[in-house]
Amino acid sequence: MYHPSDHDVDLSEEEFRLLRDFIHERFGLYFEDAQRASLRSRLVGRLAGLDLMSFEDYYHYLRFGPQRVEELDRMVSHLTNNETYFFREQPQLQVFADHVLRNVKERKVAAGTEGPARALRVVSAGCSTGEEPHTLAMIIYDSGQFFWNWDVQVVGLDVDHLALEKARRGVYFHNSFRSLSPVQLERHFVRQGAGAVVKDAIRRMVSLRHGNLVEPSSFDGLAPVDVIFCRNVLIYFSDAMILRVVRTFHDLLPPGGYLFLGHAESLSRITDIFTPIRFQGAMVYQKPLPAREER
């Protein structure tokens with residue numbers, strides 16, 4: 001039977017809208033009208049992989065096919081941008097190290113010495129291949145503030161199983177180290193062939209889980225979370241989905257909890273449920289504190 005080559009398969013306007021709406025509903029990712037060619041190029045290889053003749057056939061496979069769950073996992077790897085590296089967007093990380101960690105610890109110690117007061121929970125939402133959660137663990141470790149009976153956990157969450165597999169291996173190569181100093185590389189990694197593996201002391205602080213940001217159930221069992229990083233993810237979402245996700249974050253955080261978004265992301269036109277705090281070179285969002293409490 002003749003099958004057209006990848007270059008022969010067109011993504012019609014109707015097929016584009018069907019797939020775009022389906023992807024938006026499932027994953028929050030939104031493709032504008034001008035991105036039809038981009039969506040086609042990302043997914044056209046899946047048609048050949050499944051022996052399908054058209055994007056309409058692919059849409060029906062995603063909705064009703066016998067192995068649609070497995071295909072959704074494969075598809076999302078083609079849709080997401082896994083561009084990441086250690087110590088990305090340094091000004092924000094400096095705020096996390098110098099201000100946020102100290103503030104969280106002081107508030108917890110003031111609240112008591114047992115239970116939640118001795119636990120630190122940080123979430124990297126959309127953690128990709130793991131550079132961000134491991135970076136956050138390194139910063140916490142180097143701060144020296146959370147030893148002596150503190151229960152510290154950095155949770156990395158991502159929808160892409162393949163990215164999470166790489167994160168679990170903890171082996172990284174040159175491209176991931178572009179913002180890493182030689183001192184940091186020596187302190188937190190062990191050389192392994194052409195790459196380097198994250199040391200056990202850091203890996204023990206990090207747990208990784210599969211989850212979808214638009215499904216609140218993906219965060220079950222995590223609350224309360226002290227700090228959430230969701231950077232360079234929501235730029236691919238519609239405003240409605242951004243609001244849905246940040247409301248979930250709001251529920252996870254206690255009063256005074258912090259949310260970090262990417263430097264190009266803003267909630268100003270979306271919602272006012274978080275208070276923006278400006279630092280030099282960085283913006284942080286905080287869940288409002290009860291009256292009379294300091295930031």
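The values are calculated or read from the model by the stated rules, or taken from the named source; none is laboratory data. Just so it is clear, the structure is predicted and the values come from calculations on it, not from any experiment. Note that we place each Cβ from the backbone using ideal geometry, even for glycine, and neighbour counts take in every protein chain shown. Heads up: the accessible areas ignore ligands, DNA and RNA and are worked out on the full protein's heavy atoms, side chains in. Shrake-Rupley method; radii C 1.70, N 1.55, O 1.52, S 1.80 Å.
Determine whether Ser179 is modelled with pLDDT under 95 and either of a type in the set (Asp, Glu) or outside any helix (DSSP H, G or I) (or both).
yes
For region 133-154: of the residues being open to solvent by less than 10 Å² (accessible area, probe 1.4 Å) and touching a Phe, Trp or Tyr at 6+ places or on another chain (Cβ under 9 Å), which is farthest from Leu79 (Cα to Cα)?
Going through the qualifying residues, I end up with Ile140.
List, please: which pairs have Cβ atoms under 7 Å, are six or more places apart or on different chains, and start with a residue in region 22-33 that is in contact (Cβ under 8 Å) with a residue 40 or more places away in the chain and end with one that is of a type in the set (Ser, Thr, Tyr)?
Pairs found: Phe22/Tyr59; His24/Tyr30; His24/Ser238; Leu29/Tyr236; Tyr30/Tyr236; Tyr30/Ser238.
Please work out which residue is nearest to the chain's Cα centre (by Cα), limiting yourself to region 33-85 and to residues that are among the acidic types (Asp, Glu) and over 28 Å from Gly130 (Cα atoms).
Within region 33-85, the first condition is being among the acidic types (Asp, Glu), and the residues that meet it are 33, 51, 56-57, 70-71, 73, 83.
Right, trim to over 28 Å from Gly130 (Cα atoms) and you get 33, 51, 56-57.
Values: Asp33: 25, Asp51: 32, Glu56: 30, Asp57: 31 Å.
Restricting to residues being among the acidic types (Asp, Glu) and over 28 Å from Gly130 (Cα atoms), the top hit is Asp33.
Could you list all residues from region 192-209 that are surrounded by fewer than 17 Cβ atoms within 10 Å (Cβ to Cβ) and in contact with a helix residue (DSSP H, G or I) (Cβ under 6 Å, 6 or more places away or on another chain)?
Lys199
Taking region 220-236, which residues are buried (at least 18 other Cβ atoms within 10 Å of the Cβ) and in contact with a Lys or Arg (Cβ under 9 Å, 6 or more places away or on another chain)?
Across region 220-236, the qualifying residues are Val225, Asp226, Val227, Arg231, Asn232.
Answer yes or no: is there a residue in region 237-257 that is of a type in the set (Val, Ile, Thr), open to solvent by 10 Å² or more (accessible area, probe 1.4 Å) and closer than 25 Å to Asp73 by Cβ. If you could, list the steps in order and put the result at the bottom.
Filtering region 237-257 for residues of a type in the set (Val, Ile, Thr) gives 242, 245-246, 248.
Next, only the ones that are open to solvent by 10 Å² or more (accessible area, probe 1.4 Å) stay: 242, 248.
Keeping just the survivors that are closer than 25 Å to Asp73 by Cβ gives 242, 248.
Checked against the condition, which is being of a type in the set (Val, Ile, Thr), open to solvent by 10 Å² or more (accessible area, probe 1.4 Å) and closer than 25 Å to Asp73 by Cβ, region 237-257 yields at least one hit.
Is it the case that region 223-230 has a residue that's among the charged types (D, E, K, R), out of contact with any His (no Cβ under 7 Å at 6 or more places or on another chain) and farther than 30 Å from Ser38 by Cβ? Steps first, please.
Filtering region 223-230 for residues among the charged types (D, E, K, R) gives 226.
Narrowing further to those that are out of contact with any His (no Cβ under 7 Å at 6 or more places or on another chain): 226.
Right, trim to farther than 30 Å from Ser38 by Cβ and you get 226.
Among the residues of region 223-230, at least one is among the charged types (D, E, K, R), out of contact with any His (no Cβ under 7 Å at 6 or more places or on another chain) and farther than 30 Å from Ser38 by Cβ, which makes the answer yes.
Within the group Gly112, Gly130, Gly126, which residue is at positive phi and surrounded by fewer than 17 Cβ atoms within 10 Å (Cβ to Cβ)? Step through it out loud before you land on a result.
Numbers: Gly130 fails: surrounded by fewer than 17 Cβ atoms within 10 Å (Cβ to Cβ); Gly126 fails: surrounded by fewer than 17 Cβ atoms within 10 Å (Cβ to Cβ).
So the residue among Gly112, Gly130, Gly126 that is at positive phi and surrounded by fewer than 17 Cβ atoms within 10 Å (Cβ to Cβ) is Gly112.
Does Gln90 satisfy being within 28 Å of Glu265 (Cβ to Cβ), open to solvent by 60 Å² or more (accessible area, probe 1.4 Å) and in contact (Cβ under 8 Å) with a residue 60 or more places away in the chain? It would help to see each step written out before you state the result.
Working: within 28 Å of Glu265 (Cβ to Cβ): yes; open to solvent by 60 Å² or more (accessible area, probe 1.4 Å): yes; in contact (Cβ under 8 Å) with a residue 60 or more places away in the chain: yes.
Yes; evaluated as a whole, the condition is true for this residue.
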